[in-house]
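The values are calculated or read from the model by the stated rules, or taken from the named source; none is laboratory data. All values derive from a computational prediction rather than experimental measurement. Please note: Cβ atoms are built from the backbone with ideal geometry, for glycine as well, and neighbour counts cover all protein chains shown. Heads up: the accessible areas ignore ligands, DNA and RNA and are worked out on the full protein's heavy atoms, side chains in. Shrake-Rupley method; radii C 1.70, N 1.55, O 1.52, S 1.80 Å.
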Amino acid sequence: VCKVGLTATPMKSSKPLRLLCRAATTAAAAVALQRYRSSLLDDSRNGFAQRQSHKTVPTERQSQRFSPSTTYGDWDSNWDYLHLSAKDVAEALGHEWPIKDYVMAIRKLFAEHYEFSMTSRFKSLDDIDKAIRKRKDDLPEFYREAFMAHAWGGAPVRHIILVRHGQYEEQRDLAKKFKTEVGKHQFNLDERLQRGVYLQLDAKRVLTPLGREQAVRTGDRLAELLHPSLPGRVRIHVSTLTRAKETADIIAMRLPSHVVRMPPDGNLSEGAPSLNVPNNWGDAADVHVEGSRIEAAFRHIFYRGVPCKLPPPPLSALAKTEASELVSAENAFIGPWPDKTRHEYDIVVCHMNVIRYFFLRALQLPPEAWLRFGGFNGSMTILDIRPVSGQVGVDSFGDFGHLSLEQTTFGMRQGLE
């Protein structure tokens, strides 16, 4: 039976009716197909709009975007406000300002602070004169560079070693219990401000046995890496959260006793450091509070070294020093100083959100990309800051080569998958 409207017509009807039925059926199919295509297009448009909403920052969150001091792709050489001026250098050295003769000022700097030798870059003041002639068009900058590189032995290269804590007991059921007891918003507020029930929860978030193994392996690896530089300036910073402090304690036990332990710093604790693009992850209130303190921690840890007048050795140490060694000790504090690069190391045991943010901020890249990076428990991210230029370089990100596959975890997830 061919149905046209509500009329049933036998298949043996006349040819015109059969043609009419065929035409009606074709038209109905075309309408149905068009509706189907339209629905697919609408779904596609809705899906595209939904996907696009995750790629852009909502209007109400634009104020929380990071504002770089220079256009991305360029480099702000004064990012830490320690790109000293010629006036700053003159005041530090006790030179008269304004400097009337940069040639004499530079020669005086090298004569007082630089130990000429056959193995040093500059063998004599004649080499300094040659360098002055080559730099005749930018002598104030040469003056600044010479100060940073050689005054009192020169500013150190600063190595920042960011270590993620070991695996820990996440206590998710306890967290849900606290949220139910005090309410979601109060719990979130306590977490942002690191107080109240959040501190009770944190006390239970101790390292797992595997987390302690990870900390041991990380400490041993740091001891190997730093062995050529020990003894030297090495400091350990740590957040105030239990898992980080336990990790730092284990690492410190694997290092020499002279390594300086800094007081725990709440600004290094975990949090939402910035907006996340794409997906706009992170509550606005979290970013508002936690982002500010994590940025403060960045400014506290990341800066270039500056030349430092070494303090004289204590009298008790001099009393026990042999006469031949006493001359060497005095020269170390009086100068001139050998042309040898100094180094100092800051080990920062903290959390992966903080590490990812530090990494991007130090490289002057958009911090909104922080959640695109991973980072296993016990992994190490190493950056260095050059004193003369202030440039920041990366030696490694999330290095976990010291851990076996069985010891490789991201939270409670084990291995690479």
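Just name the residue that is surrounded by the most Cβ atoms within 10 Å (Cβ to Cβ) out of those in the stretch 259-269 that are in contact with a strand residue (DSSP E or B) (Cβ under 8 Å, 6 or more places away or on another chain) and either among the polar types (S, T, N, Q) or in a loop (DSSP other than H, G, I, E, B) (or both).
My answer is Ser269.
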Enumeration of residues in the stretch 118-134 that are assigned to a helix (DSSP H, G or I) and either at pLDDT below 95 or not β-branched (Val, Ile, Thr) (or both) = Leu125, Asp126, Asp127, Asp129, Lys130, Ala131, Arg133, Lys134
Just wondering, is there one or more residues in the stretch 89-112 that are charged (D, E, K, R) and within 25 Å of Asp384 (Cβ to Cβ)?
-> no
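Listed here are the residues, each with its yes/no results for (1) part of a helix (DSSP H, G or I); (2) open to solvent by 60 Å² or more (accessible area, probe 1.4 Å).
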residue	(1), (2)
His159	no, no
Glu170	no, no
Arg217	yes, yes
Ala223	yes, no
Pro228	yes, yes
Ile236	no, no
Glu246	yes, no
Ser257	no, yes
Could you please let me know if Tyr345 is assigned to a strand (DSSP E or B) and buried (at least 19 other Cβ atoms within 10 Å of the Cβ)?
-> yes
Just to be sure, is Pro273 over 26 Å from Leu222 (Cβ atoms) and in a loop (DSSP other than H, G, I, E, B)?
-> no
Among helices (runs of 4 or more DSSP H) entirely within the stretch 1-117, at least 1 residues that are of a type in the set (Ser, Thr, Tyr), surrounded by 10 or more Cβ atoms within 10 Å (Cβ to Cβ) and modelled with pLDDT under 65 occur in 15-55
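Scan the stretch 184-197 and tell me whether some residue there is under 27 Å from Met380 (Cβ atoms) and modelled with pLDDT of 95 or more.
Scanning the stretch 184-197, I find at least one residue that is under 27 Å from Met380 (Cβ atoms) and modelled with pLDDT of 95 or more, so the answer is yes.
Name the single residue that is nearest to His95 (Cα to Cα) among those in the stretch 118-130 being in contact with a helix residue (DSSP H, G or I) (Cβ under 7 Å, 6 or more places away or on another chain) and either open to solvent by less than 40 Å² (accessible area, probe 1.4 Å) or β-branched (Val, Ile, Thr) (or both).
The first filter runs over the stretch 118-130 and keeps only residues in contact with a helix residue (DSSP H, G or I) (Cβ under 7 Å, 6 or more places away or on another chain), leaving 122, 125, 128.
From what is left, the residues that are either open to solvent by less than 40 Å² (accessible area, probe 1.4 Å) or β-branched (Val, Ile, Thr) (or both) are 122, 128.
Numbers: Phe122: 23, Ile128: 19 Å.
This residue is Ile128.
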Might you let me know whether the stretch 206-214 holds any residue that is open to solvent by 10 Å² or more (accessible area, probe 1.4 Å), of a type in the set (Asp, Glu) and touching a residue at least 12 places away in the same chain (Cβ under 8 Å)?
-> yes
Taking the stated definitions as given, is Val182 touching a helix residue (DSSP H, G or I) at 6+ places or on another chain (Cβ under 7 Å), surrounded by fewer than 17 Cβ atoms within 10 Å (Cβ to Cβ) and β-branched (Val, Ile, Thr)?
-> yes
Out of the residues in the stretch 362-412 that are in a strand (DSSP E or B) and charged (D, E, K, R), state the one that is surrounded by the most Cβ atoms within 10 Å (Cβ to Cβ).
-> Asp399
Of Glu169, Glu145, Glu112, which residue is among the acidic types (Asp, Glu) and within 30 Å of Arg243 (Cα to Cα)?
-> Glu169
So is Ser120 more than 22 Å from Leu84 (Cα to Cα) and touching a residue at least 40 places away in the same chain (Cβ under 8 Å) or not?
-> yes
